[in-house]
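Just below is one structure, and these are the notes that go with it.
Read-outs: derived from the displayed coordinates by stated rules, not from any lab. Just so we're clear, the structure is a prediction, and the values are computed from it rather than from any experiment. Note that we place each Cβ from the backbone using ideal geometry, even for glycine, and neighbour counts take in every protein chain shown.
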Amino acid sequence: MLNRRLFLLFASWPAALLRAKSAASARGRLRQAPLPPALVTPSGRVMALEGDDATQKVLHDPRLKDLDFEVDGALLAPGRFRIAPIHERALFVWRGGRKLVVTYWCATCSIRAWVPGPCQCCQEDMALDLRDPALKDTDPSD
Ligand SMILES: [Zn+2]
């Protein structure tokens, strides 16, 4: 029994180390169309951004253009970053010294979403709602 437990302990190590090594974040000004989405650092270095379809929709939201943006995910190569899946809430804007998570809010229906577009209930365009990541998803917008 002890041996088995030790084996499981050691077997779980490489995956944990790999996760710790690959997890990263990147910050810069959000560059948008006509060029592919990327972060541009103050020194002018460009970090191309990849992500799932929902994440791509956020990256193309013109309301976020040129904002001080931060993403969580993994560095694939120098200058190439893959953003974590949309359900991991990996997209942030820095404003007034605060790191705010990117969400969308319909005040009519009190529905929150993480992708821009029409409200799933009333079909009105949802408002961009940058908010404290510590708030619960169901808390209303302030
Ligand atoms: Zn609505």
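Details
- In terms of other Cβ atoms within 10 Å, V58, V101 run from fewest to most in the order V101, V58.
- Note on Q120 and R27: their simple-model spin labels are 3.2 nm apart, each label 7 Å out from Cα toward Cβ.
- Separation of the L135 and T41 label points, Cα + 7 Å toward Cβ, nm: 3.2
- Least to most buried among F81, F69 (fewest other Cβ within 10 Å first): F81, F69
- With the convex hull drawn around the C-alpha atoms of the stretch 23-131, the volume per residue stands at 101 Å³.
- Placing a pseudo-label 7 Å from each Cα along the Cα-to-Cβ vector at D66 and A127 gives an inter-label distance of 2.4 nm.
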